[in-house]
Amino acid sequence: MNYRHSYHAGSFSDVFKHIILALVIDALKIKEAPFTYLDTHAGRGLYWLDESEAQKMQEYRFGIERLISYHKTTPAPACFTQYLDLVSSMNFGEHLNCYPGSPKIAETLLREQDAMILCELHPEEYSFLKDNMGKSDKKIALHCTDAYLGMKAFLPPKTARGLVHIDPPFEKTNEFEMIDAALKLAYKHWRMGQFMIWYPIKDKREVERFQLSLKQYQNDVLFVEFFMEDTNISSNLMGCGVALVNPPWKLNDKLTKIVLPYLASALHARWTVSE
Ligand SMILES: C[S@@+](CC[C@H](N)C(=O)[O-])C[C@H]1O[C@@H](n2cnc3c(N)ncnc32)[C@H](O)[C@@H]1O
């Protein structure tokens, strides 16, 4: 386990993923009934952009920094507000130093009745996660455990409604197969569950195989993909996607008409959405 998200915090891929995550959580709040958010690969919860790890590649400059700067001249649509407000509340003035991870974003959006379960396997990352999330007044359970064991142990959630965010580092060559197996198992006991799976787009055939496999047993899946067009970008990764299983009603419309066109203009990128 060599991967450290602190090298990539605030990148185009984080911004893309976190905006969609905020929209999916927001949609769950339309109903009063509680839900559970399970983050299988939680990371640290928040990241310091001034530190050497983030400074090495400065990926945040092509992600969150670009979005904030574009927003100053071309104000973002209303559905970006919660995310942008959160980032701005963690920073003072113009200087961008702190970026929220998925647990922090979810924590901000969760209500009193909702619950959150965070799994992180790396002991050092887990220790940061405990420091960053441990003092929350929301219902949060933290586990230093493997993502896929966590899915077996915690699904279906007590609340029945819920979202599972699967965001692996893809260090293992069989990560797509591991996700697929874990999803199939979860699906047996929890058909109504919502899942958001992030994936890198490096080998198109591998992605297509994963998509085909998902579509064989899931009726309702949306694949949203985002590709940077800027050749100056410091990241090795130029494209990524999220698979949304049982996506919220009308999310497709919101993404294609409002969110993705704005985000692509802000970050110099293109996007696709398919079912
Ligand atoms: C891409 S980062 C997560 C970023 C986070 N979801 C966010 O959006 O802020 C992946 C994390 O998964 C952790 N990890 C790697 N293998 C894992 C496993 N098998 N189970 C749980 N966590 C794992 C890594 O230590 C790393 O912190």
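A simple spin-label model places the labels of Tyr217 and Ala78 4.0 nm from each other, with each point 7 Å out along Cα-to-Cβ. Dipole magnitude for segment 98-181: about 480 debye, using +1 per Lys or Arg Cβ and -1 per Asp or Glu Cβ, origin at the Cα centre. Shape summary of segment 217-275, radius of gyration then Dmax from alpha carbon positions: 12.7, 40 Å.
Applying 0.36 nm per residue to the separation of Asn91 and Lys204 and subtracting their alpha-carbon distance, the gain on full extension is 36.9 nm. For Lys56, a cut-off of 26 angstrom between C-alpha atoms picks up these lysines, skipping any fewer than 8 places away in its own chain: Lys17, Lys104, Lys130, Lys172, Lys202. Hey, rough spin-label estimate for Leu149 and Glu53, points 7 angstrom out along Cα→Cβ, what's it come to in nanometres? It is 2.2 nm.
Where both bridge residues fall in the chain, DSSP classifies roughly 55% of the beta bridges as antiparallel. Among the chymotrypsin sites (Phe, Trp or Tyr not before Pro) within segment 233-275, those in coil by DSSP and having at most 13 neighbouring Cβ atoms inside 10 Å are Trp249.
For the chain, a simple Cβ point-charge model (Lys and Arg +1, Asp and Glu -1, everything else neutral) yields a dipole of about 780 debye relative to the Cα centre. Per-peptide packing, taken as the mean over residues of other Cβ atoms within 10 Å, places 141-148, 22-29 in the sequence 22-29, 141-148 from highest down. Distance from the alpha carbon centroid of segment 224-244 to that of segment 50-67 works out to 15 angstrom. Shape descriptor for segment 174-258: Rg over Rh equals 1.00 (Cα atoms; Rh from the Kirkwood inverse mean 1/r).
Rounded to the nearest angstrom and listed largest first, the equivalent-ellipsoid semi-axes of segment 5-274 from its Cα gyration tensor are 26, 22, 19. Compactness of segment 86-219 was expressed as the Cα radius of gyration divided by 2.2 N^0.38 Å, which yields 1.17. In the structure shown, do any of Lys72/Lys204; Lys135/Lys204; Lys31/Lys135; Lys158/Lys254 have a Cα-Cα gap over 32 Å, and if so which? Check vs 32 Å cut-off fails for Lys72/Lys204; Lys135/Lys204. Taking label positions 7 Å along the Cα-Cβ direction at both Arg270 and Arg161, the computed distance is 3.8 nm, reported to one decimal.
Above 20 Å lies some portion of the pair distances; for segment 39-97, what is it as a whole percent of all C-alpha pairs? That fraction is 32 percent.
All of the numbers you see were taken from the coordinates with simple rules; none came from a lab. Note that the structure is predicted; figures quoted are calculated from it, not measured. Here Cβ is always computed from backbone atoms with ideal geometry, including for glycine, and neighbour counts include all displayed protein chains.
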